[in-house]
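Notes for the one structure printed next.
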Amino acid sequence: MGDTVFALDDQEELEDEAEAEVDKVLWELTAGKLGEAPAAVVDSLPPSAEREPAGASAVDDKEEDEEELMGRLEALRS
């Protein structure tokens, strides 16, 4: 059991080192501009009850396209 605890500590330490290295590389690639970027905004979306379900407008567009195509097909048949 003691080995498991040490393994978890090693894993966390490894993840911390990897994250620090990634941050260092990103800093170098962006010439420090990444550190100047504003923090991500997390509360700018409306509550989920007010939002349109994902893909709903795509379904409406598809239905409209199908209706238009059916109308054109009927016009060609007559």
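Among residues of the stretch 34-62 being acidic (Asp, Glu) and surrounded by 10 or more Cβ atoms within 10 Å (Cβ to Cβ), the one that is modelled with the highest pLDDT is 61. Only one of the numbered conditions (1) surrounded by 10 or more Cβ atoms within 10 Å (Cβ to Cβ); (2) at pLDDT 70 or above is not met by residue 77, and that is (1).
The values are calculated or read from the model by the stated rules, or taken from the named source; none is laboratory data. Bear in mind that the values here come from a model prediction, so they are computed numbers and not experimental data. Cβ: placed from backbone, ideal geometry, glycine included. Neighbour counts: every protein chain shown.
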